[in-house]
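What follows draws every value from the coordinates through simple rules; no lab data is involved. Remember, it's a predicted structure, so these values are computed and weren't measured experimentally. As a convention, Cβ positions derive from the backbone with ideal geometry for all residues, glycine included, and neighbour counts pool all protein chains shown.
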Amino acid sequence: MSKPLTESSISSLKAALRGRLIEPTGQAYDDARKVYNAMIDKKPRLIAQCVDVADVSACVNFARENNLLVAIRSGGHNAGGLGIADDALVIDLAPIKYTCVDPAAQTATVGGGCTWGDVDHATHAFGMAVPSGIISTTGVGGLTLGGGIGHLTRKCGLTIDNLLSVDVVLANGNFVRASADENPDLFWALCGGGGNFGVVTAFTFKLHKIDTVYAGPMLYELSDAVDIMKWYRKFIVNAPDDLNGWFAFLTVPPGPPFPENLHLKKMCGIIWCCTEPQAKAEEIFKPIRAFKKPALDFVGPLPQPALQSMFDPIYPPGLQWYWRADFVNELSDEAIAQHARFARELPTMHSTMHLYPINGAAARVGKTETAWNYRDANWAQVMVGVDPDPANKEKITKWTKDYFDALHPYSAGGAYVNFMMDEGEDRVKATYGENYRRLAEIKAKYDPTNLFRVNQNIKPAGAKRAA
Ligand SMILES: Cc1cc2nc3c(=O)[nH]c(=O)nc-3n(C[C@H](O)[C@H](O)[C@H](O)COP(=O)(O)OP(=O)(O)OC[C@H]3O[C@@H](n4cnc5c(N)ncnc54)[C@H](O)[C@@H]3O)c2cc1C
């Protein structure tokens, strides 16, 4: 039986922590419970700002012994706000922030509370990079454990394909290391299985010698979208691995560096990233530039962290976000026609649709080699209704749902877990496909009571119903 949560038990947890334990009163609580997506408004029971493994272990034991829901928070960016939950103990890893680069071994060990901006800052000093996402304020924790898609996916694979080992606090409070050689079942599950298996306090990544990239957006008139998409669907799957390009519908922000004639214009675009030296990159871009002259061509040499943080100013924390996603094998003419229709109806300046290629190096990893199953899909598609004003919540939600409903029939089935909000158990199963059964068995081994269930939840094998 669980013990009631008393003031004395809370005091004992407080005393056991080096980090701060925040209770539901005052400004500190309201600040600490904010996540990136302002549509999420959760009121946890306690927020523990952990500074080390001992703090995390104390929190996990406390939650388990007091039958308290646990939420694990790294960067707080999760689409569905799964770094926080009502009435939960939030294990906030943000203070565990360090990046140790070993230039000789070409590895980086990263604390569980780092953002990708923290990692890029540390690794770029050595002319190296870890493949990650497209916004530097995203947490390393959630992005990595869900897979990790970004500008370097075609060259280096998913973020998990570059993960060498993790330090984990398990549901029983024990600390273990997991890698291909140590607790390999746990490591397999953590490579795509999200926060289901424990609290990761450190990640060790393989580094790539990537310093300057030839990269940036090319934007085209929306009236050209159908032609561009038809060209892009063939071009990108046959492109060299050194070239990545994700497709977007967007509205041009009304300010510099964008030319005034494009301000607030709905457009389509491809955000390129080429890892070849400039002269060779310019050769690779000749057919791209020859196909159709872009209305705006911002592609050129850039330090890698500049590309990684290029969109940060457009998407600060505190906007309203509504997400829907799918994996896509083919972009048929019919699907493209639907895309063009919804692009014309983009409801707000921040709302957008992205198609991220997951071919190239990411597709050369087998479907069962990691928990991340959709290695044979060509794109991860995401439509997001986004706006600063809560009054527009219904408008952005409706556009996203309608857009998703129109495109879902052309999709491959599941969706990238990191782009999903709360879509239920069947959708999670569809996402992991043939890997779900093994994930459920590993969950039963490491977290039999489903202590870690504020996530895209994998039920422990043998569990009869949702915990
Ligand atoms: C603006 C924006 C841009 C994005 N761009 C990309 C992109 O380019 N590529 C991409 O792949 N994804 C992208 N994402 C999605 C992103 O990967 C997910 O939202 C991810 O969950 C964010 O991780 P976080 O640590 O910031 O989230 P949090 O909200 O802190 O955590 C999310 C979940 O991850 C788990 N978790 C986090 N850290 C740990 C840990 N250390 N140990 C155990 N479990 C943990 C927990 O289950 C938690 O519920 C983007 C999201 C946003 C909002």
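Summary of computed values
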{"read-out": "Residue within the stretch 251-263 that is within 16 Å of the ligand (Cβ to nearest atom) and closer than 26 Å to Thr144 by Cα present", "value": "no"}
{"read-out": "Search result, residues across the stretch 82-110 that are more than 8 Å from the ligand (Cβ to nearest atom), among the small types (Gly, Ala, Ser) and under 16 Å from Thr137 (Cβ atoms)", "value": "Ala94"}
{"read-out": "Residue pairs meeting the criteria (Cβ under 8 Å; at least 6 apart or on separate chains; first surrounded by fewer than 19 Cβ atoms within 10 Å (Cβ to Cβ), in the stretch 361-390; second of a type in the set (S, T, N, Q) and assigned to a strand (DSSP E or B))", "value": "Pro388/Gln320; Asp389/Gln320; Pro390/Gln320"}
{"read-out": "The one condition in (1) over 16 Å from Trp116 (Cβ atoms); (2) in a strand (DSSP E or B); (3) under 18 Å from the mean Cα position of the chain (by Cα); (4) not aromatic (Phe, Trp, Tyr) that Ala178 fails to fulfil", "value": "(3)"}
{"read-out": "Single unsatisfied condition, Val35 versus (1) buried (at least 18 other Cβ atoms within 10 Å of the Cβ); (2) in a helix (DSSP H, G or I)", "value": "(2)"}
{"read-out": "Every residue from the stretch 45-81 that is within 27 Å of Trp323 (Cα to Cα) and more than 14 Å from the ligand (Cβ to nearest atom)", "value": "Arg45"}
{"read-out": "Single residue of the stretch 181-215 satisfying the filter (of a type in the set (D, E, K, R) and not in a strand (DSSP E or B)) that is farthest from Phe126 (Cα to Cα)", "value": "Asp185"}
{"read-out": "Checklist (1) away from the ligand (no atom under 13 Å from the Cβ); (2) of a type in the set (A, V, I, L, M, F, W, C); (3) out of contact with any Pro (no Cβ under 9 Å at 6 or more places or on another chain) applied to Ala215, failing item", "value": "(3)"}
{"read-out": "Sole residue being out of contact with any helix residue (DSSP H, G or I) (no Cβ under 7 Å at 6 or more places or on another chain), under 30 Å from Gln49 (Cβ atoms), touching a residue at least 60 places away in the same chain (Cβ under 8 Å) and buried (at least 16 other Cβ atoms within 10 Å of the Cβ), chosen from Ala171, Ala202, Ala248, Ala189", "value": "Ala202"}
{"read-out": "Close pairs (6 angstrom Cβ cut-off, 6 or more residues apart or separate chains): without any contact (Cβ under 8 Å) to a residue 40 or more places away in the chain in the stretch 95-108, of a type in the set (A, V, I, L, M) anywhere", "value": "Thr99/Ala108; Thr99/Val110; Thr99/Val119; Thr99/Ala122"}
